[in-house]
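Colleague: Have a look at this one before I ask anything.
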Amino acid sequence: MKPKLYLTLILSILIFSWNFSQDNGYDLWLKYDKIENQTIAKEYRDHLKSIVVQDADETTAIIKKELSLALKGLLGVAFEPSTFDSNINALVISKPENLPENLKKSVNTTKLEKDGFMIKAVTLSDKMHTLIIAKTNSGLLYGTFHFIRQLQQQKNIKNLEIVDNPKVDLRVLNHWDNLDRSVERGYAGFSIWNWHTLPDFIDQRYIDYARANASIGINGTVLTNVNSNALILTPLYLDKVKALAEVFRPYGIKVYLTARFSAPIEIGGLDTADPLDPKVINWWKTKTAEIYKLIPDFGGFLVKANSEGQPGPQNYGRTHLDGANMMASILKPHNGVVMWRAFVYSEHDPTDRAKQAYSEFIPDDGNYLDNVLIQVKNGAIDFQPREPFHPMFGAMPKTPLMMEFQITKEYLGFATHLVFLPKLFEEVLQSDTYQKGEGSTVAKVIDGSLHNKKITGMAGVANIGTDFNWTGHLFGQADWYGFGRLAWNPNLESATIAEEWLQLTFTTNKEFVEPIKKLLLNSRETVVNYMNPLGLHHIFDTGHHYGPGPWVSNLSRPEWNPVYYHKADDQGIGFDRSFTGSNAVDQYAPELAKKFGNIETCPEAYLLWFHHVPWEYKLKNGRTLWDNLGIKYQQGVDEVKGMIKTWEAMKPYVNSKQHKEVTMRLNIQLKEAIWWKDACMSYFKTFSKMDYPMEMEQPTHDLSYYQSLKFPFAPGIKPNWH
């Protein structure tokens, strides 16, 4: 090969490699790009002349590595750990007891709680020292990441005085990953867990996953699907789980597993899984001891039981209480917990599906062992684009309730629609339950402060896969990031999270951050408008939940059919959950029951959730319900057009590859928003028999076209190849 051609080839490979690493989103919010503002960069370098990391273990080794990456990338400074010298500006990372003596008197650590951290600027001998202090090494790691965020966002570090304790104990990702590497409701590639090559091959992605989670305070991961496979509890797979646990441990992350309730039969050779049978209890004791021998800090079990056909204690005439307490009693000596999902509804229960979880769990409040958390979805149906908060929140004062959010976008356009979920999470968390008077927010239920709970938790159904950028849609990373930040502090504002994520992921330039922050904060309402306006819910197509299917009525269970939820007829539309209907409103505190139960006072955002409303009913704007439906659907479409226009103007601030990818996905979002508008309004018109409002663009096709669309291989489900 000619030297010139060889040099060109090498240069091309290097450029491709650099672009690949820089442009594919793999680095998430941990991009340590050089700070171009020389004034700020010089100030940081002056304040970080010396780096002192006290203690030495696997976690502090990670702290040193992270600081090395950050300082080299942001400031072009080589990391050189040193001993403390009061005459040199220093960053000191230490537990309180290991602080240099002349610094101890400068700080008050009484407000520090487990895994919390303090960042404090201290002046000593005319030199400025920045202290990161925590009672645990995990806390030091969290504090380090928080400090690096200050640098990434180019904030003033001269007068830092931060005390930040996690308000929630268990901050957990739920992976709905299967052992064959498919991911239920996953839209970002295959499962990142390669069970075939574990335990011997440790993919770098596992380490980077742990690092990303630690950077936002996530401290637990459930590796397997809630629709679980008992094989995960066999020795072959437990060795693989052990390997992952060893990777995650230095990052402060515990491993949890889903426990299939029928495992004693399927892998234990028993003829029953009755939770009160001594043979079954002994089997679980032996299995649990086996796990803890391999993984001493194993977190515990997540259980989906007697829901959607999954086995559970009710198969044997027992209750959720019986099943949860059996497992909890076995885990308790090991300091493990049971996260028992409250997502239950039965084809044998003819009442409103929205009422069933409350009816099954509330009567047993106070009877669960203290290492049981009842894991409750944010709404009573199923992760809809908008639902009122689940009535169980605040209604079980003696039992810890663990929030379950869905980070993956099962009902929000998969990985093609840009929808900023922290806005949804915030709406739920700041909802007032009124269970102890005004101000009894869901956030106070989750952080335990409303009823002084001993243990607290928040879970997020992960949106992570093998795609280069982890989440499919680049902006899907914001949902993972936002979940972690809200799990740490449920009272954070989504606007703060949006600004943080944009600055960390793209640029601190206000010309980019401000318009895209506005886009993010409005995006959730946009998707509600073009999918489920005015309280409509669960009108998605069958099984895969891809696109609209409000006409579906042929499924074997009534509550699987969209017609069950919208109940459109010649008179009107909506599910009557008022006092004269299913009376689901009665599960809320009296103040809310009265508000939701009256069509005149019910918020219009929840109108069709709680009421069956005549087509001609006048809303607050003086227009009919029918007109408002069409206006909302069109508004959603128009807002996506606005998102495309805003993003197009951002070309100068992002790399071309990322700009093109997001543009293509926004174009898909627009196409599908129009599909939702046209399909739903065409179908509902067969009942209203009214003209479309003048503000709404006419459907492109007739109803039969939309009803004919089939998607047998939509992602997120296991397709039926036959």
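Colleague: Kindly indicate the residue of region 44-64 that is more than 12 Å from residue 137 (Cβ to Cβ) and in contact (Cβ under 8 Å) with a residue 40 or more places away in the chain and also surrounded by the fewest Cβ atoms within 10 Å (Cβ to Cβ) among those meeting that condition.
Modeller: The extreme case among them is 46.
Colleague: Taking region 445-460, which residues are of a type outside the set (S, T, N, Q) and surrounded by fewer than 24 Cβ atoms within 10 Å (Cβ to Cβ)?
Modeller: Once the filter is applied, which keeps residues that are of a type outside the set (S, T, N, Q) and surrounded by fewer than 24 Cβ atoms within 10 Å (Cβ to Cβ), region 445-460 yields 447, 448, 450, 451, 453, 454, 455.
Colleague: Could you list, in sequence order, the residues of region 145-164 that are β-branched (Val, Ile, Thr), closer than 24 Å to residue 506 by Cβ and touching a strand residue (DSSP E or B) at 6+ places or on another chain (Cβ under 6 Å)?
Modeller: Scanning region 145-164 gives no hits.
Colleague: I would also like to ask the following. Given the residues 652, 715, 693, which is the only one that is out of contact with any Cys (no Cβ under 8 Å at 6 or more places or on another chain), open to solvent by 60 Å² or more (accessible area, probe 1.4 Å) and over 27 Å from residue 517 (Cα atoms)?
Modeller: 715
Colleague: Filter region 91-105 for residues that are touching a helix residue (DSSP H, G or I) at 6+ places or on another chain (Cβ under 9 Å) and surrounded by 15 or more Cβ atoms within 10 Å (Cβ to Cβ); which is farthest from residue 35 (Cα to Cα)?
Modeller: 96
Colleague: Take region 440-457 and flag every residue that is β-branched (Val, Ile, Thr), in contact with a Lys or Arg (Cβ under 9 Å, 6 or more places away or on another chain) and either in a loop (DSSP other than H, G, I, E, B) or over 14 Å from residue 391 (Cα atoms) (or both). Let's see the steps before the verdict.
Modeller: Initial filter on region 440-457 (β-branched (Val, Ile, Thr)): 441-442, 445-446, 455-456.
Filter once more, so that each one left must be in contact with a Lys or Arg (Cβ under 9 Å, 6 or more places away or on another chain): 445-446, 456.
Scanning region 440-457 gives a single hit, 456.
Colleague: Hey, residue 357 hits all of (1) farther than 23 Å from residue 440 by Cα; (2) out of contact with any Asp or Glu (no Cβ under 7 Å at 6 or more places or on another chain); (3) among the aliphatic types (A, V, I, L, M) but one; which does it fall short on?
Modeller: Looking at each condition in turn, residue 357 falls short on (1).
Colleague: Hey, residue 659 hits all of (1) closer than 30 Å to residue 468 by Cβ; (2) part of a helix (DSSP H, G or I); (3) in contact (Cβ under 8 Å) with a residue 24 or more places away in the chain but one; which does it fall short on?
Modeller: Of (1) closer than 30 Å to residue 468 by Cβ; (2) part of a helix (DSSP H, G or I); (3) in contact (Cβ under 8 Å) with a residue 24 or more places away in the chain, only one is false for residue 659: (3).
Colleague: Looking at residue 187 and the list (1) among the hydroxyl-bearing types (Ser, Thr, Tyr); (2) assigned to a helix (DSSP H, G or I); (3) open to solvent by 10 Å² or more (accessible area, probe 1.4 Å), which single condition is not satisfied?
Modeller: Only one criterion is unmet by residue 187, namely (2).
Colleague: Take region 153-184 and flag every residue that is within 18 Å of residue 222 (Cβ to Cβ), assigned to a loop (DSSP other than H, G, I, E, B) and aliphatic (A, V, I, L, M).
Modeller: Hits for region 153-184 are 168, 179.
Colleague: Inside region 466-575, counting only helices (runs of 4 or more DSSP H) that do not spill past its ends, which hold 1 or more residues that are open to solvent by 10 Å² or more (accessible area, probe 1.4 Å), at pLDDT 95 or above and within 26 Å of residue 415 (Cβ to Cβ)?
Modeller: Once the helices (runs of 4 or more DSSP H) in region 466-575 are filtered for at least 1 residues that are open to solvent by 10 Å² or more (accessible area, probe 1.4 Å), at pLDDT 95 or above and within 26 Å of residue 415 (Cβ to Cβ), what remains is 477-488, 494-505, 510-531.
Colleague: Is it the case that region 74-88 has a residue that's open to solvent by less than 20 Å² (accessible area, probe 1.4 Å) and more than 17 Å from residue 251 (Cα to Cα)?
Modeller: yes
Colleague: Scanning region 11-35 for residues that are hydroxyl-bearing (Ser, Thr, Tyr) and within 30 Å of the chain's Cα centre (by Cα), which turns out modelled with the lowest pLDDT?
Modeller: Per the stated criteria, the residue is 21.
Colleague: Could you tell me whether residue 207 is open to solvent by 30 Å² or more (accessible area, probe 1.4 Å), in contact (Cβ under 8 Å) with a residue 12 or more places away in the chain and assigned to a strand (DSSP E or B)?
Modeller: No.
Colleague: Under the condition of being over 22 Å from the mean Cα position of the chain (by Cα) and of a type in the set (A, V, I, L, M), which residue from region 214-246 is nearest to residue 306 (Cα to Cα)?
Modeller: 230
Colleague: Considering only residues of region 146-159 that are touching a helix residue (DSSP H, G or I) at 6+ places or on another chain (Cβ under 7 Å) and surrounded by 19 or more Cβ atoms within 10 Å (Cβ to Cβ), which is farthest from residue 132 (Cα to Cα)?
Modeller: Kept after step one, since they are touching a helix residue (DSSP H, G or I) at 6+ places or on another chain (Cβ under 7 Å), are these residues of region 146-159: 148-149, 151-154, 157.
Pick out the ones that are also surrounded by 19 or more Cβ atoms within 10 Å (Cβ to Cβ) and you get 148, 151-152, 157.
Numbers: 148: 11, 151: 14, 152: 17, 157: 12 Å.
Among them, the one singled out is 152.
Colleague: Hey, another quick one. Looking at region 402-421, I want the residues that are more than 19 Å from residue 481 (Cβ to Cβ) and in a strand (DSSP E or B) and have a partner that is open to solvent by 10 Å² or more (accessible area, probe 1.4 Å) and of a type in the set (D, E, K, R) with Cβ atoms under 8 Å, at least 6 apart or on another chain. Which pairs are those?
Modeller: Sorted first by the residue in region 402-421, then by its partner, the list stays empty.
Colleague: Does region 464-485 hold any residues that are within 10 Å of the chain's Cα centre (by Cα) and among the acidic types (Asp, Glu), and which are they?
Modeller: Once the filter is applied, which keeps residues that are within 10 Å of the chain's Cα centre (by Cα) and among the acidic types (Asp, Glu), region 464-485 yields only 479.
Colleague: Report yes if residue 264 is without any contact (Cβ under 8 Å) to a residue 24 or more places away in the chain and closer than 30 Å to residue 64 by Cα, otherwise no.
Modeller: No: the conditions fail for residue 264.
Colleague: Also, quick follow-up: Evaluate region 361-370: report whether one residue or more is open to solvent by 10 Å² or more (accessible area, probe 1.4 Å), of a type in the set (Asp, Glu) and more than 19 Å from residue 170 (Cβ to Cβ).
Modeller: yes
Colleague: Further question on the same structure: Looking only at region 110-121, how many residues end up being surrounded by 18 or more Cβ atoms within 10 Å (Cβ to Cβ) and not small (Gly, Ala, Ser)?
Modeller: Number of matching residues: 6.
Colleague: Residues in region 328-382 that are within 28 Å of residue 579 (Cα to Cα), part of a loop (DSSP other than H, G, I, E, B), of a type outside the set (Ser, Thr, Tyr) and out of contact with any Lys or Arg (no Cβ under 6 Å at 6 or more places or on another chain): how many?
Modeller: 10
Colleague: If you don't mind, another one. Here is a list: 633, 617, 588. Which entry is at pLDDT 95 or above and under 24 Å from residue 670 (Cα atoms)?
Modeller: 633
The values are calculated or read from the model by the stated rules, or taken from the named source; none is laboratory data. Since the structure is predicted, the reported quantities are computational estimates derived from the model, not experimental observations. With ideal geometry, Cβ positions are generated from the backbone for all residues, glycine too; neighbour counts draw on all protein chains shown. The accessibility values were calculated without ligands, DNA or RNA, using every heavy atom of the protein model including side chains. Shrake-Rupley method; radii C 1.70, N 1.55, O 1.52, S 1.80 Å.
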